[in-house]
Amino acid sequence: MKFSYSQTVADFDAANSVILPLNADLTLTESLQKADKLLAGAISAAISSEDLNGKVKNQHLFLNSGAGPQRILVVGTGASDKLNAKQYRQLQASAWGAIKANAGAKVVNELCLAQSDQLSAQDQVRLTLETLTKSEYRFEQFKSKQEASDEAECDMQISAPDSAAQFAQSLATAEAMDICRDLGNLPGNICTPTYLAEQAITMAGKADKVSVEILDEDEMAILGMHCLLSVGNGSVEPSKLIVLKYQGTDKDSAPHVLVGKGITFDTGGISLKPGGAMDEMKYDMCGAASVLATMQAVIDMDLDLNVVAIVASAENMPAGNATKPGDIVTTMSGQTVEILNTDAEGRLVLCDALTYAERFKPASVVDVATLTGACIIALGHHTTAVLSNDDDFAQDLVKAGQEAFDATWQLPIGEEYQEQLQSNFADLANIGGRPAGTITAACFLARFAESFKWAHLDIAGTAWTSGKAKGATGRCVPLLVQHLVNQL
């Protein structure tokens, strides 16, 4: 499916199919009046017979044998004071499901004109593109026999007034979410640190404003990144530090830095994880996937700001030379860490990446990581945790999440939690016990972010889904894109 934009209403003469909203007050909009005329009053008749009542989940497909679109789908959107984002996503998915098999080459979608006190036309454009892109997403490249598609290739015209800029941002975001899903869904034998580095090189090669640098293990050792390197000790896959630099404005303008955790498979190392659902630990690089995908969205939108993406990537495996519980390593910052649990490895790669970020004199730094199972206990699978050394910055990210319909919640990061990270033998331990696990993990990272404005996003509960619908979600790409757009 390809998407296009039009701010002209009732412009569907050349369409094969059209999707139109009907509010609960049953008012016929300009588009509905036009469609009713094409159908010789069939819409009015359906309203009179109460086959169409304007309520949510009430929809009716009209077949037109005359001029104009062959299929006209009228979708009830409910009362304007009730229609929210969740309902709207469901309406778009249901509407597309009702016509996609025979939609034709061109579809005009006017559901973005639904009357809602909670959702602007721009909000609806965003939700439409993300919902329809997700509904068409497939990850079948490793199946020997792929399922036949039941829909034709079509151009989906999104009609909404004064929403051209939002359409461009939303399309870039939706496509970036698919990139994030693809990277996350790849198996660990394909998506290695080297593979992620190759993807970054390919991305930079296609964009004039982007440069890339890949640090190998020898180069990281020279810089003193022994904490990051310790995570990959037991793996045959070499660790990588991937750096993408996008220059969208004056080179002297301080960049906004995104740091992604890229553990391409996490067994837990010597602190081995239980076997159940361990396959899902291929998703432990979803922070990296989010950051790389966001960088592609930045390129596609040609944003007028400087952005640096840093991916700290390793594979955490047990072996004779793997890091052991109790080992002490020195970070790039010079601080020493006692590794009490090798399954708390995300913070070990991120701390060196954060120290590396200092050299860019950043305007802000956001790290993204599937960091703690404790975050799932605290916030479930709906909300991403935000922790920061700057409350105003944290609230800026919460606001960006609200604007992007990518839910977040700020957790505290007080100095009192730092006591849990005390070590008898090193500057700090890499775990702080069971209480406040998400907070103490962020407190660990805060030790390496004291020289800049920093926030940590824990996406452990939101990066992927399990069960029958198992797969990467593409979050928190919408939040990150909106955060960067808000800097303009």
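The values are calculated or read from the model by the stated rules, or taken from the named source; none is laboratory data. Every value quoted in this text rests on a predicted model; they were computed, and no experiment measured them. No Cβ is skipped: glycine too gets one built from the backbone with ideal geometry, and neighbour counts run over all protein chains shown.
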message: When you scan the stretch 290-300, do you find a residue that is free of Cβ contacts under 8 Å to residues at least 60 places away in the same chain and either in the same structural domain as Leu183 (by the TED database) or closer than 30 Å to Asp250 by Cα (or both), even just one?
response: no
field: Positions within the stretch 375-411 being surrounded by 18 or more Cβ atoms within 10 Å (Cβ to Cβ) and either among the basic types (Lys, Arg) or modelled with pLDDT under 95 (or both), in sequence order
entry: none
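Condition check ((1) assigned by the TED database to the domain that holds Ala455; (2) in contact with a helix residue (DSSP H, G or I) (Cβ under 9 Å, 6 or more places away or on another chain); (3) hydrophobic (A, V, I, L, M, F, W, C)) across all residues:
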site: Asp327; (1), (2), (3): yes, yes, no
site: Thr331; (1), (2), (3): yes, yes, no
site: Leu340; (1), (2), (3): yes, no, yes
site: Arg347; (1), (2), (3): yes, yes, no
site: Cys351; (1), (2), (3): yes, yes, yes
site: Ala363; (1), (2), (3): yes, no, yes
site: Gly373; (1), (2), (3): yes, yes, no
site: Ala378; (1), (2), (3): yes, yes, yes
- prompt: Cβ-Cβ below 9 Å, separation at least six or inter-chain, first residue in the stretch 54-72 and outside the structural domain of Asp13 (by the TED database) and under 13 Å from Lys37 (Cα atoms), second surrounded by fewer than 16 Cβ atoms within 10 Å (Cβ to Cβ) and modelled with pLDDT under 95: which pairs?
  reply: none
query: Which pairs have Cβ atoms under 7 Å, sit 6 or more apart or on different chains, and link a residue in the stretch 234-247 that is over 12 Å from Ile201 (Cα atoms) to one that is among the acidic types (Asp, Glu) and part of a strand (DSSP E or B)?
result: Ser235/Glu315; Glu237/Glu315
- prompt: Among the residues of the stretch 207-247 satisfying the criterion of being over 21 Å from Asn321 (Cβ atoms) and acidic (Asp, Glu), which is surrounded by the fewest Cβ atoms within 10 Å (Cβ to Cβ)?
  reply: Asp208
query: Within the stretch 123-176, which residues are among the polar types (S, T, N, Q) and either in contact (Cβ under 8 Å) with a residue 60 or more places away in the chain or outside any loop (DSSP other than H, G, I, E, B) (or both)?
result: Gln124, Thr128, Thr131, Thr133, Ser135, Gln157, Ser159, Ser163, Gln166, Gln169, Ser170, Thr173
- request: Output the residue which, of all residues in the stretch 147-206 that are β-branched (Val, Ile, Thr) and surrounded by fewer than 19 Cβ atoms within 10 Å (Cβ to Cβ), is nearest to Ser239 (Cα to Cα).
  value: Thr194
field: Residue satisfying all of: in the stretch 181-195; out of contact with any helix residue (DSSP H, G or I) (no Cβ under 6 Å at 6 or more places or on another chain) and in a helix (DSSP H, G or I); nearest to Glu358 (Cα to Cα) among these
entry: Pro193
- prompt: Only one of (1) out of contact with any Lys or Arg (no Cβ under 6 Å at 6 or more places or on another chain); (2) crowded, with 18+ Cβ neighbours inside 10 Å; (3) small (Gly, Ala, Ser) is not met by Ala441, so which one is it?
  reply: (1)
